Every structure is written in C-alpha cells, then in structure tokens.
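Scroll down for the structure; my scribbles are underneath it.
The values are calculated or read from the model by the stated rules, or taken from the named source; none is laboratory data. Note that the coordinates shown come from a computational prediction; the quantities given were computed from them, not determined experimentally. Note: ideal-geometry Cβ built from the backbone for every residue, glycine included; neighbour counts use all protein chains shown.
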Amino acid sequence: MATPLRRLLPYHQRYRTPFWAGMGGLLVARLFEAAIPLFLRDGIDLIVAGGTSIDAGASTLESAHAALVWPAIAIVLCVMARFACIVFARRAIRRIGIAVAYDLRKRVYGHLQRQGPAFFARHPTGDLMARAINDINLVRQLVGMGLRTILVIVFSAVVGFSAMMWLAPQLTVMLLLPLPIIAALGWVLSRRVFGQSLAVQEGFATLSEQVQENLNGIRTVQALVQENYEIARFDRVNESYAERFFRLTRTNSIIQGVMPWLGAVATVIILGFGGSLVLSGEMSVGTFTAFFTYVSMVLWPVRQAGQMVTLWQQGASGCERLFEVLDHAPEIEDTPSSTAPPTIVGQISFEGLRYRYPGTRAEVLKGIDLEIGAGETIAVLGRVGVGKTTLLKCMVRLLDPPPGSIRFDGVDVRCFPLAQLRHQVVLVPQDPFLFADVLRHNLSYDDPERDDALIWSAAEDADLRDTILAFADALETHVGERGVTLSGGQKQRSALTRGLIRGAPVLILDDCFSSVDTQTEERILKRLRAVRRGMTTLLVSHRVSTARHADRIIVLADGRVAETGTHEQLLAMDGWYAELDRIQRRKSRLLDALAKESA
C-alpha cells in the first residue's frame, strides 16, 4: 500500500464495525456463489446419468425430473442468499467511503481556517477548491467502491481457485502459467497511472484556479475589453488539462486491453486440456461445466483489475495532495496562557516591535516603541508601504509578532487565546468583504440572532441607517457575491457597522473611510467619539481631516515612529504631517474653486 493511502487508515479504523460486517457479507456471498457451480455439476451429471438410464430402461422420465428438483432449489436459494449478502455488504462499505470523505472534508476545511497569509500565497483558491472537492471525491470512490471491489476480487480469486484446485488440480496449475506475465505488465502500467493521475488533478486545480480568478475579476476584464484574451488564456489551460487526461485514458485503455488476454488463454487451455480429460473419462461433464464456471468467477476479478489499478492510483494521488495541505502546520499557533485576563481593558504597549515578511530580507517594522493608554483614540499616518497595516495585523495576530513586542494590559499578545483576542480587539480592514447573503447577516455576522435594535444602532453610528432604509428590502436586501450590489462607500460602512456592533474594548480601523466622502466621514467620526468614549480606538488614515479627531497622532516613516503628538503639536513641529496638511488644504481649496466655476 502506498504511503499516502496508509495515512487513511486512522480515518478508516473509526468504522471498523461496519467494515468487518461488510467484509463478512462479501465473503459469505462468495461462498454462496461458489456453491452454485457444485449444484450445477450435480444437476448436469444427473441429466447425463438420467438420459443413459432412461435409454437403458432402468428409470423413467418422471424419476429423472424428480432427481433434478433438489439441485434447482439449491441454486435458487444460493442466488437469493448471495443477493441479500451483497446488498448488505455494499451498503455497509459504501457508507464508510461517504463517512471518510465527510471526515476528511471537515478536517481540511477546519485546517484552512487556521492558515496564515504565507499558506494562501502559496496555494491559490482554485487549487484549494480542487483539493477539497475533486481529490476528496477520488478518495471517497477508492474507500467506498474501490475497497469493496478489491475485497470482491480477493474473495472471488481465493474461493474460485480453491474450488478449481479441489475439482481439477492439474488443469488449475496450467491456468496459472500466464499470470506472472500479466501481473508484471500491470505493475509497470500502474506506476505510470499514478504519475498521470497526479498530473490530471494538478491540471484540474489549475483550471479551477483560472475560472475562479476570472469570475472574481470579471468587471475588470470587461472594463479593459480583455474578454478575448481571457478566453484564449482559458483555452490554453483547458487544452493542457485535456491532453493530460488523454494520456491517462490511453494508459487505462492499454490496461483494459491486456486483461482480456488472460481470459482468452484460459479458454484455450480449458477447451484443449480439460476437453481431453472429459473425453478420457477422467472428468465428468458436470465437473467440466462447474470448472468453467469457476474460471469465469476468477476471470471477472482479473478483468476488473485494470479498472481497480486506475482507481487505486487516482485515490493515492488524491490522498497525497490532501495530506500535502494537512501537513502544513498553521503559521500562528494558538497557545494561550493562564496569565491572560478574561477581559482586555485597552492599554497597549509596543516594545521594539520588528517584523519581516517570510521570504523577504528587508524589515517592514524596524523597532516600534509606543504606549497607548486605555480609552485613547490614536490616528496612524504615513506614506504607502511604511507598515501601517502590518502594525495593525500584528495586534490581532493575523501576522505573528516577536514574543513580548506587543502587550495588552501588560500581558504578551501571544498569551491570549486567539478567539478572545480577535473578539475583544476588532480589526475593520480597508478592503471590506461581504458574503453573498442578506445585509442583516453581513452586519451581524458573528451573531445572526442578534437583536435588530443593536443592528440599527450600529448602522446609525456608521451613517448607514438611511442607506439601508432606501433599499426596498432594508436589512433583507441581498448584497450579492462580495457585496457586488453595493458601492465602495456602502461596503466600507457595512464593514464598520460589523466592527462597531461588538462594542469591543479595542477597535482598529484600517483606512476604512477611503471610499467615503468627507462630509459622511465627519458625521461618522463625531458619532465614534461619543460611542467609543472610554474605549481604545486606532484608526489608519491618509487624511488629516480624519486624524485631527484623534487624541494623539502617530506618524510612521521607514518602519519607525517618526512623529507623535496632537494635531496642533504636529503642525507646530512642521514635519511630514504639517506638509501633508498643507497639501490637502491646497487640494481642498482647488476643488472648491473648481466647483464654484462649474456652478
């Protein structure tokens, strides 16, 4: 058994009882099947003997018919018992395949929820979808249908060969001669199937990734008139996938074509050598017929072996791809400590915080030292790429900071359980994500049963109430995939509502007013100061008009704190912040002048 398949054993062993019951059912079914040729032998021998006896006048036609009743009844009973055993065994074993697929899919999905940005940068969404759907489906087919068929093959071969050796040992040995050649050829081809199956599944993952990426960016494709380019790109990926599938199909066809040769060779040997035994009187006609039936019982598994080689190797390659994902340990480990308090008050300390993204040499944060008091409102400004978003992500451990570099209420951020940390320190990202659901469930995502009054209150604070009321279905409005039916500003205010509704001790706003006009932003900020009084709030912005509402303003430059103070203090320092203020004031005056001229 291949190593990836061996790793399925813990999942399979959970269902030992139905497996052994199903295996017992298959074995009993084969025994009933093996009994049928014996009764057939007796019946044929009775027919031959009865005909001779009738010709000699030793018996009548009625007595010959009566002698055939018992073999006929026995055959019918064996067929019925075999049918019942097979139905029971198939049901038991196929359910194991479904259960194993359920367990694997559940574990893969849960494992993906705990992965960090480096993992998703290495594994595109389309590839992960292919692994979670297509590869698990291959494993399900192997465990369900494949395992049952393999057991049938083994039991049929063992029972059939045992009966053949008992009936005619010499003839059975003759039939074994071509088996090593066919087995060796099957082994060589099976190794080729594994590699080709792996290539097919990787091609399917690439195809899924191409379709998923195109559909997510369909508006950009249409806006830039790149439909023909994307169709041509898809054709290349699709052609590559089809060619890989054709190669696998050709190998499968060779395997399927090799297996019938054994049946042809066996038929020639039986007719030649077995026929001579009948003619010489060493074997009865009934025994010859029964032996031929056992040969069919053994050859059927051989013919199925080609299909099983393909199914086995496809399942092995799918299993290998699944465990490649499952073996990737989460980048951020949840290792809570008993020293962590159950509630975060909001005092935050940064002590020499440094951070470098995996695979890069330069540090984004180069030593942040900062103290934030509980209940303070802090604005963070700086040029693009100075590490503002990185700083915020480190606070909620979406990125893992060095030990002791960030503390909440004097406790290392690593000591808090991730669930508690991210529930009490809420991050509202710059790029909001809305699910393809009604607006109510998006605003109250963490608690769908939350009271409507709380939803409306948070929507009022985010200046979203009037917008919701303008929709025909209000909170029951479907927003489409990724909130496609909403404008950029509406999506940002929806994400802000989602963050405010928790009433978290620490609220982090990552430039979530970038798509909101200045008048709306001003109204939101005034409400925030009232509703967040006594609670810690950090907001990243590129606007001085936003930052001036904060108790303190932090300016980052080159991964460090370059300026800190109130709005008036920073203007007096005449540094980068003061220059930004002058630029934005000139821009505002220019826009006002243009508006007056157009009016």
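Table: residues versus (1) of a type outside the set (D, E, K, R); (2) free of Cβ contacts under 8 Å to residues at least 40 places away in the same chain.
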position: 444; (1), (2): yes, no
position: 455; (1), (2): yes, no
position: 458; (1), (2): yes, no
position: 465; (1), (2): no, yes
position: 473; (1), (2): no, yes
position: 477; (1), (2): yes, yes
position: 480; (1), (2): yes, no
position: 485; (1), (2): yes, yes
Review point. Among the residues of segment 342-363, is any modelled with pLDDT of 75 or more, in a strand (DSSP E or B) and of a type in the set (D, E, K, R)?
Key: yes
Those residues of segment 545-574 that are hydrophobic (A, V, I, L, M, F, W, C), surrounded by 22 or more Cβ atoms within 10 Å (Cβ to Cβ) and farther than 20 Å from residue 532 by Cα come to a total of 3
Flagged in segment 384-405 as touching a residue at least 60 places away in the same chain (Cβ under 8 Å) and not basic (Lys, Arg), in numbering order, are 386, 387, 389, 391, 392, 395, 396, 398, 399, 400
The residue from 77, 151 that alone is over 15 Å from the mean Cα position of the chain (by Cα) and buried (at least 19 other Cβ atoms within 10 Å of the Cβ) is 151
Condition set of a type in the set (Gly, Ala, Ser) and part of a helix (DSSP H, G or I), scope segment 33-58, selection modelled with the lowest pLDDT: answer is 56
Output for Cβ contacts, cut-off 6 Å, separation at least six or different chains, first residue within 29 Å of residue 544 (Cα to Cα) in segment 357-378, second of a type in the set (Gly, Ala, Ser) and surrounded by fewer than 16 Cβ atoms within 10 Å (Cβ to Cβ), reads 367/352; 375/534
Within segment 193-217, the residues that are surrounded by fewer than 17 Cβ atoms within 10 Å (Cβ to Cβ), hydrophobic (A, V, I, L, M, F, W, C) and at pLDDT below 70 are 215
Within segment 364-385, of all residues that are part of a strand (DSSP E or B) and of a type in the set (Asp, Glu), the one nearest to residue 553 (Cα to Cα) is 371
When residue 587 is run through (1) without any contact (Cβ under 8 Å) to a residue 24 or more places away in the chain; (2) farther than 28 Å from residue 463 by Cα, the failure sits at (2)
- Is it true that residue 295 is part of a helix (DSSP H, G or I) and at pLDDT 80 or above? no
Being basic (Lys, Arg), over 28 Å from the mean Cα position of the chain (by Cα) and part of a loop (DSSP other than H, G, I, E, B), is that true of even one residue in segment 407-428? no
Checked segment 99-110 for anything touching a residue at least 12 places away in the same chain (Cβ under 8 Å) and loosely packed, with under 13 Cβ neighbours inside 10 Å; matches are 109
